[in-house]
Amino acid sequence: MKHVFLPETIEDAQAWLRERLAAQQPFAVRGANSRFHPQEIPPGPPFPKGGDEVATPEILSTAKLTRTNFFDPDDMVVGVEAGMTVAALQALLAEQGMVLPVNPWFAESTIGAAFACNDNGPNRLNMGGFRDCVIGIEYLNGNGERVHAGGKVVKNVSGYDLCRMQIGSLGGLGVITALNFKVMPQPVAPHGLYGHFPDSTWQQRVAELHSARIPVDWIQAFAPAESGSMDWLLGIGFSGNAARQQRIEREIQTIYRGDLQLVAAGETPLGLSFLPGTDRFTGWVPKLRQLWKLPAQHLHLMTLLTTSAALHPTHLESIRSEQTRMVVHPIGADLHCFLDSEDATTQREFIASLQPMLRQMQAKLVLGNAASAIGYSDLGEFAQPPGYALVQRLKRHLDPAGVFHAPFYEQPST
Amino acid sequence: MPFAKPVRQELARICGKEWVKDDAITLYAYRSDGLTLYTAPPLGVVYPGSTGELVQVVKLFHREQISFLPRGAGTGLSGGAVPCEGSVIIEMARFKEIHEVDFVNRTITVGPGVVNLRISEHVKPHGYHFVPDPSSQKACTIGGNVSENSGGPHTLKYGVTVNHVLGLELVLPDGELVEFGGKHHNLPGPDMLGLLIGSEGTFGIITKIVCRLTPNPEKAVTLLGVFDSVRGACDAVSGIIRNGTIPAAMELIDKTVIRAVEATLKPGFPQDAEAVLIVELEDLEDGIGEDAELVERLLRENGAQDVKRAKDDAERTRIWRARKESFGAIGQLSPSYYVQDGVIPRSKLPEVVDQIAAIGQKYNLTVANVFHAGDGNLHPLILFDYEDAEQVENTHKVGEEILKVCIGYGGTLSGEHGIGLEKRKLMGELYSEADLENMQNLRAFFNPDGRLNPAKIFPTPSRCAETKGVSSQIPAGSPLVGKDESDGLDHAKLVAHKSGIAV
């Protein structure tokens, strides 16, 4: 058995990394252990003390690197160590009426992990993602050096953009120890319109809305909205001053023929709290898992799509089944499929059944959760982005000792 | 020295004889980009007409160990397209095809030689535009924008080029053709697009770009705040942003530039003002009036003596034309100017603009200001006479001191022009040795032999000519030296007048 190391300082992390480099001993980088990683330890409670016994490989957790390096409200920039939780960072910003406009999956995730997993959600198209707000980074590289890139300013083309290179890098290109972001004012008076639909005809109206170029903040649909039923619940969020909101509401209601109801985001009317409210900035996945009472090793597949594929009238219906729960962010776009089964064989069969449609949609897959036996080999070509072979070569170049254990980079190139 | 005969023959076979040039005038024309302080003649210039031709050309150079670099419209302002070490320029002007427009996915797929403004013009009838709008957008190409991660006035609200590109196809220095991204907004794995965009043509040569399209705003309101000090205008910038309002653009113009643009473009700026602040709001028509009233109030509360509102599109266009062509208008006041591109935290603007003025005074040079105030992206314009060697020397010193002030305030060397040749020696002031080595390790991955656009970004020695102080000299080794120079042109002035920027 191996152990979890929780350094309290970046210097301690660097010293530990150098020991692993000297011994050529691979290890995995983790935050607070909130995320699923294929064929590794299952997610669970954070590593409270360090020294916990885990399966191979060793783990370096950044969860105790929680300092605020700077927060300049006048410049709307913040810099924190990578182990600060998403909830803590957003709370810090909220004190000044600001927000990091990204959609992490879990409030207890560290900001470093959310960044390294490139978490996103309802706001991706209209408010951006990590690529749109990262301005600086510090990480430990494959030579054990502590390196910096970017800085504290909102515009910067001085040298290569190593900040963005680490987005979605899944711990394979270094140990992220600190991040700097530009932040935004919180949305003004956010509201949402929602409505039930017996089938995916809502897509056609979303397509009309998209075509009409109405500046909404987010769109999310999911099904089944209520246990046992097969209906969709669609939510559309917007914000701004009263005149702006009235106009947007009018435009949307015209398209939906007045079928939608207005709620104030963040309120909990009629059990609709799983519509993305302000929690979209802190962690939007748990309420859905709770709603559907999903078991610990349920399957959660994030399918990355083009907007045109997400709005295609037949794609979603063809995937839908009684066992499947779905969440769609149709503009951007992504489709999350949840399967209420912990059985690896059932999960594999489900993934295989999706493949013809995924190929047709030119979709890619990310595993959000699964049975412990499920891994990248079950996703095949769908886990590999364009240029994957070069990405693998880059990993080998930046990690010549092969100490950053990250199975994403070890798939057979298709 | 022109192409060796076998190389020329092979290039002619690949691209056609008329697309391979190494005559003296061509080499002279390609010796610099928009920053003419740095020059070096290329070995030759090749104009491939397709990705297939480009791949063959790159493989040839790789095999023959010839260094090379891509070039768009040559409007760059950091010497990034100067052909150091006898490199061949691969001119990408023929890659100007608009491949596909997809309004559902809000993308347009284009060749790198497409002019920036052409993209927005192409989709304007459908209600969309491409956001990054550098001042050179009438001439600069999208390939150059991607290489430099260009910005522009409207990036305050919407972001820079990296925020508006979803996919790239590029040829690596050994001729391998690779693709990243696509029409998806997200894909598994590291953000390779983020790494490639802004790599200044040192990782690969871009052949295709998937750009995001953004809906045109239903309404734009342009306000002009009039101030009796630059410092006051800078204070207003922070006041507006701190209030939680993010305008589409906030641009500051000082009195020197006001005088220049009023002499040429006549936008109607008050000539007794010390500075004007252009603030533009974009949104739905409903509600924008309320936001505009708020901004107007904030401008007045922060010291604006007057606030004017563009009453129609014609007036708005006049204001923006004056802003975007202000660099050129400086020609009314000075034979040459040198533009800097440092960035500082926005809240430090008042202190830093005072320091910039003091640096100019120290060297007895006028420093004008026109910059992206909302981003803290400064563009001090150092006015000088290129015939005066001492002024040229002092211009370099002023530029360097300004950038060091930016770094001292927690800022950076460049917000949108890139490092190129110009600022590479200051990279050591910004980054530690380990940071720089880490970046160079990335270059070693993509560009292991260093033959793609050598001598850029990092403070390493190069054989490029730096024409400091002796601007009229043709560099030693220039193909013009020892050849027919009886064209009657004063070459130094030709460069100065053509570029309108600096010698």
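So here's what we get for this one:
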read-out	value
Residue in segment B:343-355 that is more than 14 Å from chain A (Cβ to nearest Cβ), of a type in the set (Asp, Glu) and more than 30 Å from B:ARG424 (Cα to Cα) present	no
Selection from segment A:130-145 of residues that are over 16 Å from A:LYS182 (Cα atoms) and buried (at least 22 other Cβ atoms within 10 Å of the Cβ)	A:TYR139, A:LEU140, A:GLY142
Members of segment A:365-414 found to be at the interface with another protein chain (Cβ under 8 Å from one of its Cβ atoms) and either outside any helix (DSSP H, G or I) or of a type in the set (S, T, N, Q) (or both), listed by number	A:LEU365, A:VAL366, A:GLN384, A:PRO385, A:PRO386, A:GLY387
Qualifying residue in segment A:182-196 (condition: among the hydrophobic types (A, V, I, L, M, F, W, C), touching a helix residue (DSSP H, G or I) at 6+ places or on another chain (Cβ under 7 Å) and not in a loop (DSSP other than H, G, I, E, B))	yes
Matching residues, segment A:359-374, being touching a helix residue (DSSP H, G or I) at 6+ places or on another chain (Cβ under 8 Å) and crowded, with 19+ Cβ neighbours inside 10 Å	A:MET361, A:ALA363, A:LYS364, A:LEU365, A:VAL366, A:LEU367, A:ALA370, A:ALA371, A:ILE374
Restricting segment B:180-218 to residues that are within 11 Å of chain A (Cβ to nearest Cβ) and of a type in the set (D, E, K, R), the residue that is farthest from B:VAL82 (Cα to Cα)	B:GLU218
Criterion: within 20 Å of the chain's Cα centre (by Cα) and crowded, with 24+ Cβ neighbours inside 10 Å - qualifying residue of B:HIS379, B:HIS372	B:HIS372
Among (1) closer than 23 Å to A:ALA310 by Cβ; (2) away from chain B (no Cβ under 14 Å) - the single one A:ASP343 does not satisfy	(1)
Condition check for B:ALA263: assigned to a loop (DSSP other than H, G, I, E, B) and more than 8 Å from every other protein chain (Cβ to nearest Cβ)	no
Pick from segment A:96-114, criterion more than 10 Å from chain B (Cβ to nearest Cβ) and over 15 Å from A:ARG280 (Cβ atoms), ranking: surrounded by the fewest Cβ atoms within 10 Å (Cβ to Cβ)	A:GLU108
Subset of segment A:137-164 (residues that are within 22 Å of A:SER61 (Cβ to Cβ) and aliphatic (A, V, I, L, M))	A:ILE137, A:LEU140, A:VAL147
Lone qualifier among A:GLY168, A:GLY174 - being under 23 Å from the mean Cα position of the chain (by Cα), of a type outside the set (Ser, Thr, Tyr) and at the interface with chain B (Cβ under 8 Å from one of its Cβ atoms)	A:GLY168
Output for segment A:120-138, where each listed residue is touching a helix residue (DSSP H, G or I) at 6+ places or on another chain (Cβ under 8 Å) and free of Cβ contacts under 8 Å to residues at least 40 places away in the same chain	A:GLY128, A:PHE130, A:ARG131, A:ASP132
Scan of segment A:197-218 for residues that are outside any loop (DSSP other than H, G, I, E, B), touching a Phe, Trp or Tyr at 6+ places or on another chain (Cβ under 6 Å) and of a type in the set (Val, Ile, Thr), ordered by number	none
Single residue of segment A:69-86 satisfying the filter (acidic (Asp, Glu) and either out of contact with any strand residue (DSSP E or B) (no Cβ under 8 Å at 6 or more places or on another chain) or within 23 Å of B:ILE240 (Cβ to Cβ) (or both)) that is farthest from the other protein chains (Cβ to nearest Cβ)	A:ASP72
Some residue of segment B:91-111 being in a strand (DSSP E or B), aliphatic (A, V, I, L, M) and over 23 Å from the mean Cα position of the chain (by Cα)	yes
Matching residues in segment A:174-200 - criterion: being without any contact (Cβ under 8 Å) to a residue 60 or more places away in the chain and more than 21 Å from A:GLY128 (Cα to Cα)	A:HIS196, A:PHE197, A:PRO198
Qualifying residue in segment B:206-220 (condition: closer than 14 Å to B:ILE278 by Cα and at pLDDT 95 or above)	yes
Segment A:61-80 residues that are under 30 Å from A:HIS37 (Cα atoms) and touching a residue at least 40 places away in the same chain (Cβ under 8 Å), paired with ones that are among the acidic types (Asp, Glu) and surrounded by fewer than 24 Cβ atoms within 10 Å (Cβ to Cβ) (beta carbon under 6 Å, 6 or more apart)	A:LYS64/A:GLU8; A:LEU65/A:GLU81
Condition broken by A:TRP292, with the remaining ones in (1) within 18 Å of the chain's Cα centre (by Cα); (2) modelled with pLDDT under 95 satisfied	(1)
Among residues of segment A:199-216, those that are in contact with a Pro (Cβ under 8 Å, 6 or more places away or on another chain) and either more than 13 Å from chain B (Cβ to nearest Cβ) or small (Gly, Ala, Ser) (or both), counted	1
Some residue of segment A:194-201 being among the small types (Gly, Ala, Ser), over 22 Å from A:MET302 (Cα atoms) and crowded, with 24+ Cβ neighbours inside 10 Å	no
Residue in segment B:106-118 that is under 25 Å from A:ALA309 (Cα atoms) and within 12 Å of chain A (Cβ to nearest Cβ) present	yes
2 or more residues of a type in the set (Lys, Arg): qualifying helices (runs of 4 or more DSSP H) within segment A:272-340	A:286-291
Any strands (runs of 3 or more DSSP E) falling wholly within segment B:273-354 and containing at least 3 residues that are surrounded by fewer than 21 Cβ atoms within 10 Å (Cβ to Cβ)	B:306-309
Filter result for A:PHE350 (assigned to a helix (DSSP H, G or I) and surrounded by 22 or more Cβ atoms within 10 Å (Cβ to Cβ))	no
Scan of segment A:130-145 for residues that are more than 7 Å from chain B (Cβ to nearest Cβ) and not in a helix (DSSP H, G or I), ordered by number	A:VAL134, A:ILE135, A:GLY136, A:ILE137, A:GLU138, A:TYR139, A:LEU140, A:GLY142, A:ASN143, A:GLY144
Some residue of segment A:146-159 being buried (at least 23 other Cβ atoms within 10 Å of the Cβ), assigned to a helix (DSSP H, G or I) and more than 16 Å from the chain's Cα centre (by Cα)	no
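Table: residues versus (1) under 24 Å from A:LEU398 (Cβ atoms); (2) within 13 Å of the chain's Cα centre (by Cα); (3) not β-branched (Val, Ile, Thr).
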{"residue": "A:THR85", "(1), (2), (3)": "no, no, no"}
{"residue": "A:LEU89", "(1), (2), (3)": "no, no, yes"}
{"residue": "A:PRO101", "(1), (2), (3)": "no, yes, yes"}
{"residue": "A:ARG124", "(1), (2), (3)": "no, yes, yes"}
{"residue": "A:GLY129", "(1), (2), (3)": "yes, yes, yes"}
{"residue": "A:ILE135", "(1), (2), (3)": "yes, no, no"}
{"residue": "A:TYR139", "(1), (2), (3)": "yes, no, yes"}
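The values are calculated or read from the model by the stated rules, or taken from the named source; none is laboratory data. As the structure is a prediction and not an experimental result, all values here were calculated from the model. For neighbour counting, all protein chains shown are included, and Cβ atoms are generated from backbone atoms with ideal geometry for every residue, glycine included.
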